[in-house]
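In what follows, a single structure is set out as structure tokens and then discussed.
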Amino acid sequence: MRCHEDTVYVIDPDEAVHDALSTLLGATGTRVVCYSSAEAFLDASKDSCSMSGCLLVEVELPGMGSLALLRRLRARGVAVPVVVLTSTSNRDIADQALKAGAVEVIEKPLVSARLLEQLRDLACHVDEIDTSPEA
């Protein structure tokens, strides 16, 4: 599996999600880096001139929410693919996430085959991501 540079950043407050995704993605040779909040991720990546990889972001984050994180990343010109993870099938949340720049919204519990397929596809779409502030 390739996800643009073989790195997946998981932003989710649940340690069990970190463990599960690290195990699942690690088995494919993918590097996984986990954060419990958007702020922790932004602090760790603020000095990174060119971030590469994919983000898996829980829609309900403590502190800065996932939509605010997406908007901030796009405003900074960060063009990494973002998949939003949600525990609900609320269409409004999915629409808002897609409008904010997510490439996909996946409902938990995650189906590992579906997630792996989506991450493989992301490597092909990195150049298509719109980083304009209006997006």
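The values are calculated or read from the model by the stated rules, or taken from the named source; none is laboratory data. This one's a predicted model, so the numbers in the text were calculated from it and none came from an experiment. Heads up, the Cβs are rebuilt from the backbone with ideal geometry, glycines too, and the neighbour counts pull from every protein chain shown.
What the table below lists for this structure:
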item	result
Condition met for Thr88 (closer than 19 Å to Leu119 by Cα and of a type in the set (S, T, N, Q))	no
Within the range 7-92, helices (runs of 4 or more DSSP H) holding 1 or more residues that are in contact with a Cys (Cβ under 7 Å, 6 or more places away or on another chain)	15-26
Residue list for the range 63-99, restricted to those being more than 21 Å from Ser22 (Cα to Cα), free of Cβ contacts under 8 Å to residues at least 60 places away in the same chain and touching a Ser or Thr at 6+ places or on another chain (Cβ under 8 Å)	Gly63, Met64, Gly77, Val78, Ala79, Ile93, Ala94, Ala97
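Matching residues to (1) in contact with a Lys or Arg (Cβ under 9 Å, 6 or more places away or on another chain); (2) at pLDDT 90 or above; (3) more than 22 Å from Val105 (Cβ to Cβ):
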{"residue": "Glu5", "(1), (2), (3)": "yes, no, yes"}
{"residue": "Pro13", "(1), (2), (3)": "no, yes, no"}
{"residue": "Ala27", "(1), (2), (3)": "no, no, yes"}
{"residue": "Cys34", "(1), (2), (3)": "no, yes, no"}
{"residue": "Leu42", "(1), (2), (3)": "yes, yes, no"}
{"residue": "Asp47", "(1), (2), (3)": "no, no, yes"}
{"residue": "Ser50", "(1), (2), (3)": "no, no, yes"}
{"residue": "Glu58", "(1), (2), (3)": "yes, yes, no"}
